[in-house]
Amino acid sequence: MTTHHPLHQPPPSATQPPAPPAPATTETTPPDAATALPTSTAPPTPTPPVPPGRLVVTVCRDAERFGALADAWDDLYRRCAAATPFQSHAWLHSWWLSYGRRGRLRLVLVHREPPEPPEPPASPEPSQPPASPESVRASGAPVTAPAATSGGTSGGTAAAPARELVAVAPLMLGYRPLPTLLPLGLDISDFCDVLLDDRCPQAADALAAGLRRLARTALVELREVRPGAAAERVVERWRGPVRRRADSVCLELPGVPMDDLLRRLSGASARNARRKLRRIDELGITHRAVAEHEVPGAVATMLALHGQQWQGRGVTPEHLRPRFAEHLARATRQLARTGDAALTEYRLGDLVLVSEVTLFSRHLAGGYLYGAHPEARAKVDIATMLLRQDAARATATGRRVLSLLRGDEPYKRHWRPETVVNQRLLLARRHLAPALWLRAGHLAGRAALADLARTRLPILLAWRTRLRGRRAGGPPR
């Protein structure tokens, strides 16, 4: 395992329907239906398509409204097969509380209004006059939507069916220095994506239309998009220039028992791994899942171990900052409550040797971050110990992928994993095409310099060492 890794699941396979009419768009967030979250970690069963209804696109810029979307957001999250915990409301809202900047929030929301009921038969009694625009605005609904769908009651009548959230693009406005719409959760999230309701094929068209309207004065740059993510369905419907660049490299193993993973190794490597596992068992190291109410304290312990583990070896600075600790404790506790995360402590007696946060999506399990006591490396092979437990979890819950996270380190290659490359998707409207080309060229130049450093820098450093040795009168090294 590693200190920072992602998870994913494949998107649903569905044929693309013809594009529906452009949805109505406003800048007001409509009310949301409260939906209970499932608490089981078992993959949910597919849901059938829903009857078509009018789709209303809105843009939320208010942080308080963002928090109020939790129930509807998490209900949508359960209906999107491509989603990972990095797209959950618990993770993204917690990230915004710790990292968000005032005035930068841009959430593109798509709600499906319930189908209109059939007209009642003619009656000799006079009908009620239609609702005035003032009453529609008073209901809190967009002015483009019928007042009857606001979800409220009037005069003792039964409440109308609530709108249903069917798509979300969680974005923020940034400057690079060009105005750019970026995903929430950047830098500390291994995957970024949008959410699309698998039962509503038209949601991708509506989200693309809303995103295009929001991009009138800014580029759209979607980072760390896994091949097959929901965002790809939105990009397919984009009307304007698109550029694709490679992003982070991820490595994955199948979600199978440890014995099957050992069969992937050569004979000598497999024997060495079995010897390490026997050593762990002989020492009497135990593991336990931390209860939800213990998560904040356990996260603090894990981060303290993480700092000790990397002391003097180039720790990621963000992992030691208070805002990261606050976010991780808050998000992990909420995700543990819904079965989307687990914090595991490995103990030798009363001493916590290793602590790890593992995240779960519908089809994948993968560690996000771990911390290890300085004495742990001298006693056991930490990566092998964590891999065995994560493989057992993935197998027990039927998840078919075990992630080794971003990064192409040699110790990961030891297990012969599959390579998956995330994408960086650049989108713009046609009048902003020059800005898109400028940004794409900048990224291409950075990538070329990085490749040059990897291939040439070791040689340059060696020559510098030889020259310094000669100038000092010593032999070249």
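Across the range 408-422, which residue is farthest from the chain's Cα centre (by Cα) among those that are surrounded by fewer than 20 Cβ atoms within 10 Å (Cβ to Cβ) and under 15 Å from Val225 (Cα atoms)?
Checking each candidate, the answer is Thr419.
Going by what's in this entry, would Leu207 be described as open to solvent by less than 10 Å² (accessible area, probe 1.4 Å) and more than 30 Å from Ala448 (Cβ to Cβ)?
Taking the combined requirement at face value, the residue satisfies it.
Restricting to the range 238-254, what's the tally of residues that are open to solvent by 20 Å² or more (accessible area, probe 1.4 Å) and within 15 Å of Thr384 (Cα to Cα)?
Of the residues in the range 238-254, 0 are open to solvent by 20 Å² or more (accessible area, probe 1.4 Å) and within 15 Å of Thr384 (Cα to Cα).
Among the residues that make up the range 294-313, is at least one of them at pLDDT 95 or above, open to solvent by 60 Å² or more (accessible area, probe 1.4 Å), more than 21 Å from His93 (Cβ to Cβ) and charged (D, E, K, R)?
Yes, the conditions are met somewhere in the range 294-313.
Which numbered condition in (1) under 26 Å from Ala82 (Cβ atoms); (2) in contact with a Phe, Trp or Tyr (Cβ under 6 Å, 6 or more places away or on another chain) is the only one that Asp390 fails?
All conditions pass for Asp390, except number (2).
Specify which of the listed residues (Ala83, Ala72, Ala90) is at pLDDT 95 or above, within 25 Å of Glu326 (Cα to Cα) and part of a loop (DSSP other than H, G, I, E, B).
Only one candidate qualifies: Ala83.
If we keep just the residues of the range 342-361 that are of a type outside the set (A, V, I, L, M) and surrounded by fewer than 22 Cβ atoms within 10 Å (Cβ to Cβ), which is farthest from Gly284 (Cα to Cα)?
Thr344
Which residues, taken from the range 55-88, are open to solvent by 10 Å² or more (accessible area, probe 1.4 Å) and of a type outside the set (A, V, I, L, M, F, W, C)?
If the condition is that a residue be open to solvent by 10 Å² or more (accessible area, probe 1.4 Å) and of a type outside the set (A, V, I, L, M, F, W, C), then Arg61, Asp62, Glu64, Arg65, Gly67, Asp71, Asp74, Asp75, Tyr77, Arg78, Arg79 are the ones that fit.
The values are calculated or read from the model by the stated rules, or taken from the named source; none is laboratory data. These numbers come from a predicted model, not from an experiment. FYI the Cβ positions are ideal-geometry reconstructions off the backbone, even for glycines, and counts take in every protein chain you see. Note: accessible area is taken over every heavy atom of the protein model, side chains too, but ligands, DNA and RNA are not part of it. Shrake-Rupley method; radii C 1.70, N 1.55, O 1.52, S 1.80 Å.
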